[in-house]
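What follows is a set of notes on a single structure, which appears directly below.
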Amino acid sequence: LHIHRTLSKALKQATDDGLIPRNVAGLVKPPRPRREEIRPLDGEQVRTLFEAASASGDRLEVLYIVAVTTGMRRGELQGLKWEDLDLEAGTLQVRRSLSEPKGGWIFEAPKSGRGRSIRLTRKAVSALREHRKRHLEQRMQHAGFWQDHGLVFPSAIGTPISGGNLNRSFKAILERANLPTVRFHDLRHTCATLLLRQGVNPKYVEELLGHADISLTLNVYSHILPDMGDAMDAALG
């Protein structure tokens, strides 16, 4: 599907430029997109994940807490800076995302193209306060080679943590906690699923996740939204 889209776009440009008479890729029926299975953790599994990370002293424990409670994308967590947090007000601003082109890393605008404000849970605020203290201690211990980028969840020397290392650490904690093997991105789905099952308005979930349109939220999570028939029965007593 990706190859078809790329080729079709290239040939369309060639057609517009008068280099070829028509876009023959338009004659080809593309394969149907395949939606990846969503495998969120349930509430009990999330508690098990947090407990395992805490018991093992995992340096990414607070990152997992923020990931589940905010639904932030992996790149947004990698690019989160202390200047984006107001722990007194209990808020977080999503202003950038870390991208990892071959051989380096860059900060970019969030995927939706716009930032967003998130109200943190009490658990997240408390965890971030403790994380801040440990973060400052780590900076002092590694003062000789610490590279300060102002990141909340950096590597051991202050640089952005790589997606590969983050995924490996996440897989290891899942195995240690005897939890199902899920993708790190499924923590984002976990956040949305837990909220929607509690009856939270889908519009709020859309804004929390930073979806460009509520139709995306509804399409992805339609299987867990309350059944219309059940809702009507409840409304009518």
**OP:** Per residue of region 66-79, in order, report the coupling 6.51 cos²θ - 1.76 cosθ + 1.60 (Karplus, θ = phi - 60°) as ³J(HN,Hα) in whole Hz, putting x for Gly and Pro.
**Re:** 5, 4, 6, 7, 10, x, 5, 6, 4, x, 5, 5, 5, x
Original post:
Can you give the extra length, in nm with one decimal, that the chain gains between Asp213 and Ile157 once fully stretched, where that is 0.36 nm per residue apart less the Cα-Cα distance?
Top reply: 16.4 nm
Original post:
Check Ile161: other-chain or 5+ apart residues with amide H under 5 Å from its amide H, H built from backbone geometry?
Top reply: Ser155
Original post:
If each of Ala55 and Asn178 carries a label point 7 Å out from its Cα toward its Cβ, how far apart are those two points in nm?
Top reply: 0.9 nm
**OP:** Report, in cubic angstrom per residue, the convex hull volume of the C-alpha atoms of region 1-94.
**Re:** 181 Å³
**OP:** Between Gln138 and His4, take the C-beta separation as r, use R0 = 45 Å, and let me know the FRET efficiency to the nearest 0.05.
**Re:** 0.40
**OP:** Can you bin region 152-207 into rounded, prolate or oblate? Criterion: square roots of the alpha carbon gyration tensor eigenvalues sorted a ≥ b ≥ c, rounded for a/c under 1.5, prolate for a/b above b/c, oblate for the rest.
**Re:** oblate
Original post:
How fast does the chain diffuse by Stokes-Einstein, in µm²/s, taking the Kirkwood radius from C-alpha pairs at 10 °C and 1.306 mPa s?
Top reply: 78 µm²/s
Original post:
Given a Förster radius of 25 Å and the C-beta distance between His223 and Asn167 as r, what FRET efficiency does 1/(1 + (r/R0)^6) yield to the nearest 0.05?
Top reply: 0.45
Original post:
Amide H to amide H under 5 Å from Leu60: which residues, 5+ apart in sequence or cross-chain, H placed 1.01 Å off N in plane?
Top reply: none
Original post:
Say a site is exposed when it is one of the trypsin sites (Lys or Arg not before Pro), sits in a DSSP loop, and has at most 12 other Cβ atoms within 10 Å; what is then the longest site-free stretch of the chain?
Top reply: 115-237
**OP:** Work out which GluC sites (Glu not before Pro) in the chain are exposed loop sites (DSSP not H, G, I, E or B, at most 12 other Cβ within 10 Å) and give the longest gap free of them.
**Re:** 89-237
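We did not get these values from a lab; they are worked out from the coordinates using the rules stated. Just so you know, these numbers come straight off a predicted model, no measurement behind them. Ideal geometry is used to build each Cβ from the backbone, glycine not excepted, and the neighbour counts take in all protein chains shown.
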